[in-house]
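Accompanying notes for the structure given below.
The values are calculated or read from the model by the stated rules, or taken from the named source; none is laboratory data. Remember, it's a predicted structure, so these values are computed and weren't measured experimentally. Virtual Cβ from ideal backbone geometry, glycine too; neighbours counted across all protein chains shown. The accessibility values were calculated without ligands, DNA or RNA, using every heavy atom of the protein model including side chains. Shrake-Rupley method; radii C 1.70, N 1.55, O 1.52, S 1.80 Å.
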Amino acid sequence: MKLLENKVAIVTGAARGIGEAIALKLAEHGAHVAFTYISDSSAEKAQALQQKIEALGVKGKAYQSNAADFAASETFVNDVTKEFGTIDICVNNAGISKDNLLLRMSQDQWDDVMNVNLKSVFNMTKQVIRPMMKAKKGSIINMSSIIGIRGNAGQSSYAASKAGIIGFTKSVAHELGSRNIRCNAIAPGFIETDMTHYLKDGDASKAFLEKIPLGRFGKAEEIADTTLFLASDLSSYITGQVISACGGLNI
Ligand code: NAI
């Protein structure tokens with residue numbers, strides 16, 4: 001029996017990077033996976049991912065939906081509930097960074113990052129707890145960041161949004177533990193994706209690597225493994241926690 005046999009999972013922002021790796025990992029372990037992508041330019045990749053998921057013998061479906069938009073999130077969750085019957089696992093993965101020193105940061109840059117990274121988590125969580133409360137079970141996994149724990153120059157908006165996710169996660173765990181709904185966060189360190197393409201640059205890359213005890217950047221699949229653990233019953237007594245998957249960067 002697979003770890004997530006017959007479970008229904010949703011993943012936001014899954015056309016590439018960590019979200020894509022998570023969608024595939026959950027599907028490999030038996031979950032039916034509905035996922036979102038945002039831009040028209042991602043539609044082809046989203047269709048390809050849907051096919052890869054279905055090739056694993058489970059149901060997969062791509063939805064174009066903006067996680068930062070409250071009404072769109074409500075529509076997405078309603079559509080998935082109609083199509084898949086319920087939602088057991090919600091992975092709030094969608095995120096952006098618009099890095100700038102505070103002196104130069106515009107209000108729009110701040111608002112965009114807070115809306116996509118933090119408000120999206122509220123939007124989606126508020127919707128998925130309805131089917132989860134009905135089913136008397138559920139696992140919500142929010143993608144925070146090591147930057148939300150330690151901060152970083154030039155990343156005040158990103159750090160604030162990711163720290164906000166941690167406070168939100170712990171509060172939801174308190175509110176919904178009695179309903180058998182767990183809510184945890186993952187704090188990845190530096191993971192090789194499009195978001196961190198700048199790490200490939202020689203000097204910056206070396207400086208970062210020196211701070212990581214494991215001596216390398218992480219892979220999207222390693223964050224997917226952590227997600228699988230939190231999604232499955234292997235973590236049935238874990239809620240309100242932040243798991244750092246960062247190669248030891250925060251010690
Ligand atoms: P990425 O940029 O490759 O992927 C992010 C995905 O989210 C993209 O597919 C994008 O289209 C989607 N997205 C953006 N705005 C959206 C919206 N409003 N609605 C729906 N989808 C939207 O980035 P990556 O690296 O895969 O990051 C995934 C998550 O992991 C993000 O929340 C990020 O902050 C977090 N993270 C990443 C780290 C890294 O080193 N790559 C480290 C720590 C956290």
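Computed from point charges on the beta carbon alone (+1 for Lys and Arg, -1 for Asp and Glu), the dipole magnitude for the chain about its Cα centre is near 680 Debye. For the range 65-74, the Karplus equation 6.51 cos²θ - 1.76 cosθ + 1.60, evaluated at θ = phi - 60°, returns couplings of 7, 8, 5, 7, 9, 4, 5, 5, 5, 5 Hz by residue, with Gly and Pro reported as x. Between the alpha-carbon centres of the range 112-151 and the range 186-251 there is a gap of 18 Å.
Working from the pairwise distances between different alpha carbons, so that the mean of 1/r is found and then inverted, what is the chain's Kirkwood radius in Å? Could you put the intermediate results ahead of the total?
Numbers: mean 1/r = 0.0552 Å⁻¹.
Every distinct Cα pair counted, the radius reaches 18.1 Å.
Pairs from the table (59/134; 7/170; 59/170) lying more than 27 angstrom apart at Cα are 59/170. Where does the charge balance sit around residue 123 when Lys and Arg score +1, Asp and Glu -1, over other residues with C-beta under 9 Å from its C-beta? Cβ neighbours under 9 Å give a net charge of 0.
At 1.4 Å probe radius, can you tell me the per residue accessible area of the chain in Å²? Write down the numbers at each step before the final one.
Values: 11870 Å² over 251 residues.
Value returned for the chain: 47 Å² of accessible area per residue.
Farthest toward the positive end of the dipole of the range 98-231, out of 209, 105, 151, is the Cα of 151, where the dipole comes from beta carbon charges about the Cα centre. Over the chain, DSSP H runs of length four or greater, each weighted -39,500 (n - 2.57), average out per residue to a 222 nm ellipticity of -13500 deg cm²/dmol. Partners of residue 200 within straight-line reach, counting lysines whose Cα lies under 25 Å from its Cα and excluding those fewer than 8 residues away in the same chain: 45, 98, 162, 211, 219. Can you tell which of 29, 63, 77 lies farthest toward the positive end of the dipole of the range 1-96, using +1 and -1 charges on the Cβ of basic and acidic side chains (Lys, Arg; Asp, Glu)? Going by the Cα projections, it comes out as 29.
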